[in-house]
Amino acid sequence: MERVKQCAGILVAAVAAIVFSPVMAWADDRADCAAADATLLTGVVIAAPTFASGKPLQGIPLSHTHIQVRGDADGKTYDLAVDDVFAAGYDPRSAGVPPPLSAIAVGQHLEACGLPYAGGMHWVHTNCGQAPTAQDPNGWLKIIDATGVAGPNLEDSQTYCYLWPEPAAAARRRHRRPRRSVQRAKARPTAISLSASPPGVRRPASTDAS
């Protein structure tokens, strides 16, 4: 009888670990995103990724991949403007969505850490090792698996970080101005349910996102 109780206890502990591990991971990601001076958004992909061309910088096209997601918190649709140059499979000679972004499919669950703007989020990529700030956070884009665990950052390539030498923040703000500007609020949340006009909104400044 005692052995049965021990086995039951082990089973309960195992189930609890499966249930609570994704919750703990989610909490850790929220904390990590806040520490990176960014905002966290999760949602389900509702349309295949699309390519948007961008102006060249030192001969390198600063294109974007746009991904439409339905936010988990409020069910609203948001546009993720993802910088292609930080994707591992980016090829400046190709006018298409680079790997691994090209493998993102409708129905997948994504986690984005970046800067919100009216209707979406951008700057969901590495900050090239620089100290994160409210204008230049250290962001990411991850796929959440069926168990609720987020995978590796799909926007972690530093191959083209040389395009923004020190001071990185000043260079990026100069070369990545938005086509349309939205007045920034005084404060920006560290974890949000994005709204049509979230606090601290910023139009995609990364590479003239379209």
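Here is the figure for region 20-54: residues that are of a type in the set (Phe, Trp, Tyr), within 23 Å of residue 79 (Cβ to Cβ) and modelled with pLDDT under 90 total 1. Please find, within region 77-96, the residue that is surrounded by the most Cβ atoms within 10 Å (Cβ to Cβ) out of those that are part of a loop (DSSP other than H, G, I, E, B) and under 16 Å from the mean Cα position of the chain (by Cα). It comes out as 87.
Looking across region 71-102, the residues that are under 25 Å from residue 39 (Cβ atoms) and either aromatic (Phe, Trp, Tyr) or without any contact (Cβ under 8 Å) to a residue 60 or more places away in the chain (or both) come down to 72, 75, 77, 78, 79, 84, 86, 90, 97, 98, 100, 101. Among the residues of region 35-76, the one identified as within 18 Å of residue 88 (Cα to Cα), out of contact with any Leu (no Cβ under 6 Å at 6 or more places or on another chain), not polar (S, T, N, Q) and not in a strand (DSSP E or B) is 62.
The values are calculated or read from the model by the stated rules, or taken from the named source; none is laboratory data. From a predicted model like this one, the values you see are computed outputs, not experimental measurements. For neighbour counting, all protein chains shown are included, and Cβ atoms are generated from backbone atoms with ideal geometry for every residue, glycine included.
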